[in-house]
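Read through the structure below, which is laid out as structure tokens, and then see the notes.
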Amino acid sequence: MSKLSLWLERRRQFLGLAMAATAALALVPALGSASVGALQKTSFKMFPNKPFRACAQAPGQTAKASVTVVRGDQNDALTLKLSGFKPNLAFDLFTVENSPQLANGDPDPNFKNFGLAWYQSEVPVDQYGKATVKVNTILLDEIFGFDPAVTLNPVNTFHVGFWFDDPADAAACGFTGSTPFNGTHDAGPLAFVTRPDQDTGLGPLCTKQTCP
């Protein structure tokens, strides 16, 4: 092969590679278009159910609960962290449709019940009054349940709350009876819950102005 032919061949190969690289780069926006504008990570606080705060909180401390959710390809990763709680308490974590609190913390006068609820995890508090729980499931913007057998259309559960596992742990705060918010359906009252967004009225697991 002459030097001219060899040069022409190498130039042809180079142009072919350059065109292929350009085409590949052009595909990147299209492949990522589904996630454009989607918040990839969100963090938010949970707030005490005031009548039962003293039964959850360690003396001289402030009980705190925070949530971080990271969006994933197949599902999302939620991390719940607690501090300042009475040692060795047990709670049960749910995602729920409705919160009993308004965005400013006042009781919601229109609240009737928690609506659709999904049991997500047990929350054991250690001897230091702390807990960390991780949950992997569909959460951000899309968590929902439905039941066509009872004509229940898809319902989102964008709020997060956790309940006393043992009703006796809240008895000193005036609680009697039980609620269905644990695995054996004999839990205590709500301990902490999220509040709706001031503008959208939706729970913090919806990161957009509107969610399906």
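The values are calculated or read from the model by the stated rules, or taken from the named source; none is laboratory data. Keep in mind that what you see is a predicted model, and the values were worked out from it rather than measured. Counting neighbours? That spans all protein chains shown, and the Cβs are built from the backbone with ideal geometry, glycine included.
A few notes on this one:
Conditions tested, residue by residue: (1) more than 12 Å from the chain's Cα centre (by Cα); (2) farther than 18 Å from ASN49 by Cα; (3) aliphatic (A, V, I, L, M).
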position	(1), (2), (3)
THR132	yes, yes, no
GLU142	no, yes, no
GLY145	yes, yes, no
LEU152	yes, yes, yes
THR157	no, yes, no
PHE162	yes, no, no
ALA170	yes, no, yes
GLY183	yes, yes, no
ASP186	yes, yes, no
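- Among the residues of region 152-171, at least one is of a type in the set (D, E, K, R), outside any strand (DSSP E or B) and either closer than 17 Å to THR95 by Cα or not assigned by TED's automatic domain parsing to the domain that holds ARG53 (or both).
- When residues of region 198-207 are limited to those that are within 14 Å of the chain's Cα centre (by Cα) and closer than 18 Å to ASN113 by Cα, the one surrounded by the fewest Cβ atoms within 10 Å (Cβ to Cβ): LEU202
- Screening ALA172 on (1) among the hydrophobic types (A, V, I, L, M, F, W, C); (2) exposed (fewer than 12 other Cβ atoms within 10 Å of the Cβ); (3) closer than 25 Å to THR200 by Cβ shows it passes everything except condition (3).
- Cβ pairs under 9 Å, 6+ apart, first in region 175-197 and touching a residue at least 60 places away in the same chain (Cβ under 8 Å) and buried (at least 22 other Cβ atoms within 10 Å of the Cβ), second assigned to a loop (DSSP other than H, G, I, E, B) and aliphatic (A, V, I, L, M): ALA191/ALA63; ALA191/LEU89; PHE192/ALA63; THR194/LEU205
- Selection of region 91-114 for residues being buried (at least 17 other Cβ atoms within 10 Å of the Cβ) and not acidic (Asp, Glu) yields PHE91, LEU93, PHE94, THR95, VAL96, ASN98, SER99, PRO100, GLN101, PHE114.
- LEU89 being under 30 Å from PRO167 (Cα atoms) and either modelled with pLDDT under 95 or of a type in the set (A, V, I, L, M) (or both): yes
- With respect to the conditions (1) of a type in the set (Val, Ile, Thr); (2) outside the structural domain of ILE143 (by TED's automatic domain parsing); (3) surrounded by 13 or more Cβ atoms within 10 Å (Cβ to Cβ), THR210 falls short on a single one, namely (3).
- Condition broken by VAL150, with the remaining ones in (1) at pLDDT 95 or above; (2) surrounded by fewer than 18 Cβ atoms within 10 Å (Cβ to Cβ); (3) at negative phi; (4) not polar (S, T, N, Q) satisfied: (1)
- Taking each residue of region 87-110 that is under 21 Å from SER66 (Cβ atoms) and looking for partners that are polar (S, T, N, Q) and in a strand (DSSP E or B) with beta-carbon atoms closer than 7 Å, six or more apart or interchain, yields LEU93/GLN120; LEU93/SER121; PHE94/GLN120; THR95/GLN120.
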